[in-house]
Amino acid sequence: MQIVTRLNKIISEYHLLKHMFYLAWSKGELSQEILRRYAAQYYNQVQSFPRFISRVHTNCPQIEARKLLLENLVDEEIHGTDHPALWMQFANGMGASRETVLNDMPLPETKVMVDTFYDLAQRDWRDGLCALYAYECQVPDVSASKIEGLKKFYGVHDERTLEFFTTHQIYDVEHSKQVAELIEKYVEPEQAEQATREASVALWRFLDGMCRVAGITC
């Protein structure tokens with residue numbers, strides 16, 4: 001997969017597990033209050049993500065790709081518990097009420113992250129496809145790291161609280177593989193690289209915003 005190999009290099013530059021916020025998480029250096037704020041902020045991305053996939057699907061003229069995107073969307077919203085609900089379980093398990101999550105105003109970096117994904121999907125379905133890959137290829141490793149940190153440093157062992165992460169350890173391995181195959185088939189290298197970089201930077205800068213809230217120098 002020549003194109004995806006190039007995309008993986010870009011994603012590696014901005015891999016979320018290299019960010020200071022997640023490094024602090026993995027060392028147990030974040031407060032419970034910051035984790036609750038993170039849960040509230042990131043809910044914006046989680047609840048918008050199915051609609052992002054839907055936008056990519058709507059703008060896609062290739063039925064082969066639409067079928068895979070639809071399977072992805074079904075996994076987000078139908079199989080088991082829908083993923084925004086799973087994230088709310090995590091937030092609740094960390095002590096953030098539903099009202100707190102829904103009423104927490106998005107940080108500027110949070111809004112940019114959500115808007116960037118929507119904009120890429122609207123600009124060209126192939127750009128949206130690359131954004132989807134930039135996100136989903138990181139999720140299994142990020143989820144494993146989060147679970148480890150939550151168990152080791154924050155005393156979180158409840159399956160319901162961890163279910164969002166355990167679920168994504170499974171689903172997004174296959175999702176990212178399928179999306180990578182579509183990218184190789186339908187997207188030109190230069191276009192793929194630009195869209196992947198835009199999505200990766202938006203995700204990275206969201207964590208910059210969380211560092212600012214937590215008082216961590218990024």
Being surrounded by fewer than 21 Cβ atoms within 10 Å (Cβ to Cβ) and hydrophobic (A, V, I, L, M, F, W, C) is the filter here, so list the residues in region 198-213 that pass it.
VAL201, TRP204, CYS211, VAL213
Of all residues in region 162-197, count the ones that are surrounded by fewer than 16 Cβ atoms within 10 Å (Cβ to Cβ) and of a type in the set (Lys, Arg).
2
Using the structure shown, decide if GLU148 is within 30 Å of GLU64 (Cβ to Cβ) and assigned to a helix (DSSP H, G or I).
no
Kindly establish whether GLY95 is at pLDDT below 95 and not in a helix (DSSP H, G or I).
no
Identify, from the list ILE78, ILE63, ILE3, ILE53, the residue that is β-branched (Val, Ile, Thr) and closer than 21 Å to VAL142 by Cα.
ILE53
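Restrict the check to region 33-54 and report whether at least one residue is of a type in the set (Ser, Thr, Tyr) and farther than 18 Å from THR161 by Cβ.
Looking only at region 33-54, we keep the residues that are of a type in the set (Ser, Thr, Tyr), and these are 38, 42-43, 48, 54.
Subsequent filtering for residues that are farther than 18 Å from THR161 by Cβ retains 48, 54.
Yes, because at least one residue in region 33-54 is of a type in the set (Ser, Thr, Tyr) and farther than 18 Å from THR161 by Cβ.
The values are calculated or read from the model by the stated rules, or taken from the named source; none is laboratory data. Treat the numbers as computed from the prediction; the structure is a model and nothing was measured. Because the Cβ atoms are built from the backbone with ideal geometry, glycine has one as well, and the counts that use them run over all protein chains shown.
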